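So the structure is just underneath, and the comments pick up after that.
Just so it is clear, none of the values below were taken in a lab; they were calculated from the coordinates. Nothing here was measured: the structure is a model prediction, and the numbers come from that model. Note that each Cβ is placed from the backbone with ideal geometry, even for glycine, and that neighbours are counted across all protein chains shown.
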Amino acid sequence: MDIEFVRSRFIKHFDGTTGSVYASPGRINLIGEHTDYNGGFVFPGAVDKGMMAEIKPNGKDKVCAYSIDLKDYVEFGLNEEDAPKASWARYIFGVCREMIKRGVDVKGFNTAFAGDVPLGAGMSSSAALESTFAYALNDLFGDNKIDKFELAKVGQATEHNYCGVNCGIMDQFASVFGKAGKLIRLDCRSLEYQYYPFKPDGYRLVLVDSVVKHELASSAYNKRRQSCEAVVAAIQKNHPHVEFLRDCTMEMLNEVKENVSEEDYKRAEYVIEEIQRVLDVCDALEKGDYETVGQKMYETHHGMSKLYEVSCEELDFLNDIAFDCGVTGSRVMGGGFGGCTINLVKNELYETFITTAKERFKEKFGRSPKVYDVVIGDGSRKIC
Ligand code: GAF
């Protein structure tokens with residue numbers, strides 16, 4: 001993301017002066033989908049693409065926000081009843097409100113922002129936006145008294161309270177805590193985390209974007225979470241210590257098979273298996289065993305498609321192409337219902353895979369998928 005680009009738009013749109021510039025990244029996730037809100041493990045990393053905002057206190061009691069990419073301008077006050085209608089502005093409004101709730105004396109400001117993380121690709125552009133503003137408001141109005149864990153929670157609470165998505169903590173955590181060249185193994189219950197160097201010798205990590213974004217993805221996402229909670233409630237009757245699906249075994253799930261719907265059973269089966277897969281992949285990565293990493297990725301795709309049912313025709317097709325081309329690992333990434341597959345590809349297969357994926361996808365769906373090479377980058381920061 002080019003700072004001069006954002007700065008020039010800020011100057012042009014406002015009073016000709018400059019403010020401070022902040023940035024936060026989107027994320028990839030090697031493995032561990034829909035495990036975060038089940039108290040499980042995830043294995044994400046920040047990317048070198050994200051959101052950047054120039055911000056300057058304006059001495060007024062309102063926020064004046066300009067989305068450079070959408071060429072849209074919104075003003076809003078800082079009280080609860082001032083929530084803007086534009087969905088992009090609700091992210092900024094939500095972050096302001098959540099910071100105020102945590103005792104930060106947020107005042108009015110001008111801001112212009114832009115992003116280079118692809119929208120709707122499952123790379124979490126919304127978390128990048130939330131983290132950028134949480135980090136900035138903490139610096140500008142909060143003497144940096146809010147710690148990084150809480151900044152991630154501010155973004156998550158924004159999704160819950162202002163955007164209608166009951167997401168887990170993975171995206172915001174990866175955006176705030178990202179480190180160049182490192183994946184993060186995160187325990188989503190305790191928020192204990194470890195950085196894993198990620199430089200797979202002889203392989204490339206590449207995203208293939210189906211450019212599909214399904215309507216109703218948020219309500220379908222929330223419904224998945226409800227299914228998991230329903231199963232936990234059933235298991236708790238026999239096992240009161242159980243807090244999340246993370247605490248459940250397949251034996252426990254089978255004990256309540258007759259008491260939960262077939263659909264909820266499948267959802268829980270996927271989550272229990274997926275949490276174990278994250279741990280297996282971490283072990284495999286430590287041994288440099290990329291074949292196992294790849295095999296687990298395919299298993300995740302199968303589970304997301306057949307049990308959790310968050311894949312779609314286009315993503316299943318891309319996964320099949322990867323398999324046919326001999327790609328080591330491939331799966332749908334992020335919440336699902338569209339977006340990208342993440343692929344672990346041997347260097348020598350890269351060109352063949354990308355060419356084949358583009359050709360076959362175009363033949364079937366009449367348009368080309370987009371391709372992004374993954375570079376693992378740094379988390380939230382002040383640029384200047
Ligand atoms: C979305 C959510 F925001 C995350 O919290 C996570 O649940 C992910 O979907 C699926 O793993 O990105």
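Annotations
- Each of HIS13, TYR135, ALA53 was placed along the dipole of the chain (beta-carbon charges, centred on the mean Cα), and the one lying farthest toward the positive end is HIS13.
- Across the stretch 229-246, computed HN-Hα scalar couplings (Karplus, 6.51 cos²θ - 1.76 cosθ + 1.60, θ = phi - 60°) run 5, 5, 5, 4, 4, 5, 5, 4, 4, 8, 10, x, 6, 5, 10, 9, 4, 4 Hz from first to last residue, x flagging Gly and Pro.
- Of LYS213/LYS266; LYS12/LYS382; LYS49/LYS382; LYS71/LYS382; LYS71/LYS107, those spanning more than 18 Å from alpha-carbon to alpha-carbon: LYS213/LYS266; LYS12/LYS382; LYS71/LYS382; LYS71/LYS107
- Prolate/oblate/rounded call for the stretch 249-384, Cα gyration tensor, a/c under 1.5 rounded: prolate
- Built amide H within the under 5 Å cut-off of ALA112, gap 5+: GLU54, TYR66
- Between the amide H of LYS49 and those of GLY26, distances stay under 5 Å, these residues lying 5 or more places away or on another chain, with hydrogens modeled in the peptide plane.
- Using the Karplus relation 6.51 cos²θ - 1.76 cosθ + 1.60 with θ = phi - 60°, the per-residue 3J(HN,Hα) values for the stretch 371-384 come to 10, 10, 7, 8, 10, 7, x, 8, x, 3, 7, 8, 8, 6 Hz, with x marking Gly and Pro.
- Dipole of the chain [Lys/Arg +1, Asp/Glu -1 at C-beta], most positive-end residue of CYS228, VAL375, ASN254: VAL375
- GNM flexibility winner over the chain from VAL260, VAL293, VAL63 (Cα, springs under 10 Å): VAL260
- The stretch 315-323 - phi-based ³J(HN,Hα) in whole Hz, Karplus 6.51/-1.76/1.60, Gly and Pro as x: 6, 4, 4, 5, 5, 5, 4, 4, 4
- Positive end of the dipole of the stretch 101-207 (Cβ unit charges, origin at the Cα centre): among PHE198, VAL154, CYS188, the Cα lying farthest that way belongs to PHE198.
- Given charges at beta-carbon only (K, R positive; D, E negative), |dipole| of the stretch 263-349 in Debye: 160 debye
- Of the peptides 106-118, 28-40, 127-139, the ranking by mean beta-carbon count within 10 Å, highest at the top, reads 127-139, 28-40, 106-118.
- Each Lys and Arg contributes +1 and each Asp and Glu -1, all at the Cβ; summed about the Cα centre of the stretch 1-139, the dipole is approximately 180 debye.
- Cα-centred dipole magnitude for the stretch 120-265, charges only on beta-carbon of K, R (+1) and D, E (-1), debye, nearest 20: 420 debye
- Summed residue charge, Cβ within 10 Å of VAL371's Cβ, Lys/Arg positive, Asp/Glu negative: 0
- Between the Cα long axis of helix 87-101 and the first principal axis of the chain there is an angle of about 80°, rounded to the nearest 10.
- Take each peptide in 374-383, 241-250, 327-336, 174-183, count the other Cβ atoms within 10 Å of every residue, and average; sorted highest first, the result is 327-336, 174-183, 374-383, 241-250.
- Long-range HN-HN contacts of GLY379 with modeled amide H, under 5 Å: GLY178, LYS179, ALA180
- Length added when fully stretched, ARG381-PHE5, from 0.36 nm per residue minus Cα-Cα: 133.6 nm
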